[in-house]
1. Summarise the accessible area of the chain (1.4 Å probe, protein heavy atoms) by the percent that is carbon and sulfur.
2. I want to check the label-to-label distance for SER297 and MET96. Put each point 7 Å from Cα in the C-beta direction and report it in nm to one decimal.
3. Please tell me which of these pairs span more than 31 angstrom C-alpha to C-alpha: LYS72/LYS228; LYS43/LYS77; LYS228/LYS352; LYS228/LYS261; LYS228/LYS383; LYS72/LYS383?
4. Assign one of three labels to the range 254-326, namely rounded, prolate or oblate, based on the Cα gyration tensor with a ≥ b ≥ c the square roots of its eigenvalues; rounded applies when a/c is under 1.5, prolate when it is not and a/b is larger than b/c, and oblate otherwise.
5. Per the helix-only calculation at 222 nm, which mean residue ellipticity applies to the chain, given -39500 (n - 2.57) for every DSSP H run of n ≥ 4 and division by its residues, nearest 500 deg cm²/dmol?
6. Skip the ligands, DNA and RNA, and give the accessible area per residue of the chain with a 1.4 Å probe, whole Å².
7. Just the Cα atoms of the range 292-350: what Rg and Dmax do they give in Å?
8. Can you tell me the Rg and the Dmax, both Å, for the Cα atoms in the chain?
Amino acid sequence: MNEKKMQLSDYMALLSVALLTFIGIMAETALNVTFPELARVFKIALDTTQWLTAGYLLMVTIMMGTTAYLLKRFSTKHLQLAAVVAFIIGDIGSAMAPSFTILMLSRLLQAVATGIATPTLFHLVFTQVPREKLGMMTGMAGMIISFAPALGPTYGGWVSTAMSWRALFWLLLPIAAISLLLGQHYIPAGAGTKQVSFNLPSFIALALAMFTWIYAFSLIGNVGITPKFYLLMGLALVLFGIFGWLNFRGATTLMDLRIFKHYEISLNGVTYFSLQFINIGLSTVIPVYAQYTLHASPLVAGLILLPGTILGAVMLPISGALADRVGFAMPVLTGSCLLTLGTASFLFFQAKLTPVWIAIFFILLRAGFNMTFANTISNSSTKVPVQSAADVSSIFNVLQQFAGATGVVFLASLMAQFENHGTGSMAMRTYMGGHVDFVMGFILALVVLGANLVNYHFQYHLGKKKEA
């Protein structure tokens, strides 16, 4: 890890990419509370509007599959320029969209920018930050990834209520412009210019696998789990297998999956996926649950998430600094327990839920999530040589975005299945769908807790052997 002292220019370079990452990820979920309005404006089915988030997340994930190559082939400065220009064009297109098709295409262009910016941010952290500050700075980067999507519904609810859904995009333009100016002034120009080829066949296989996977889950809302679902899931798994085979057959690898030969990184991968599934999935369905079951307004439904979002954002750099002092095990395991407690509260006290109780339980969930999230990728970065930092950044960011897309579509589709085909009032149907979603969140929280208990038990004994 780079042992130089951090200069003001280093912080400004990180800030430039952090700003773009923040607004890009916040844009993922900002439209969630406006779905009923967009369905009316563009005269489309409510289920179709979920693709504005799911499609965004999927495109981000696909782009992240290219960043290990991009970070080696192009300078960080040029990547930041391409990303911010793509975001600005997509943002203006979204704000002025005359149809759902134009809005969807513009959102996908924004997603391309986010898919480049997010791994670039972590790459700068892993390569420019001294080891003694790695936990804190990774915590700051993780704060953006976890804070932004949870803030999205609050931002979307407030702006769409006070102004319009189009204003959601116009208000992001000045921040994108600041990112552009800072990045082109402070980001070093010379890094990452290796002459490497791009493994196009494996990229196509990965993109097809991810799309097939997400599309299969999206069908649940309308038709439930049918033979077609199992067929598509089987096809997705085959395509993932083809990707893995092609990935090592070209002149270069799209992503160096060999990092998963490290036992601790494999377990961290399971943790990272499960964490973001819970985070993005529940952050998407909770506002819907609040509106339909508790009859909250879009503004209140968005604000429900705000206390937990703010507290979680504060805890991220603190838990990162704690990891720098005492190691990763303490904050990660403590966070895993809090996450389990938070998801269990939603499940076992569902009948008592009010907007206030949702806010309180979400604080528990977010506190646990944020103590665990950034420290998981940070711990992984310490288990590989520095030259593999780009692969850790790319692969783990692919995992978390793919998990987010899966969480949004799966949990939203489960809720939609009850809303579309259940019995009773809409409030009762949404209640039942929410119950299944809370079960899923609790199960995955248990997976996180179990994986981390095994992981840090293994790391502790491995460290003892090395000392001996």
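The values are calculated or read from the model by the stated rules, or taken from the named source; none is laboratory data. A quick note: this is a predicted structure, and the numbers were derived from the prediction, not measured. Counting neighbours? That spans all protein chains shown, and the Cβs are built from the backbone with ideal geometry, glycine included. With ligands, DNA and RNA removed, areas are computed over all heavy atoms of the protein, side chains included. Shrake-Rupley method; radii C 1.70, N 1.55, O 1.52, S 1.80 Å.
1. 72 percent
2. Using points 7 Å along Cα→Cβ, the separation is 3.2 nm.
3. The answer is LYS72/LYS228; LYS43/LYS77; LYS228/LYS352; LYS228/LYS261; LYS228/LYS383.
4. Oblate, since a/c reaches 1.5 and b/c is not below a/b.
5. Working: 20 runs with 374 residues, N = 468.
It comes out at -27000 deg cm²/dmol, rounded to the nearest 500.
6. Normalised by residue count, the accessible surface of the chain is 38 Å².
7. 15.2, 46
8. Gyration radius and largest Cα-Cα distance of the chain: 21.0, 68 Å.
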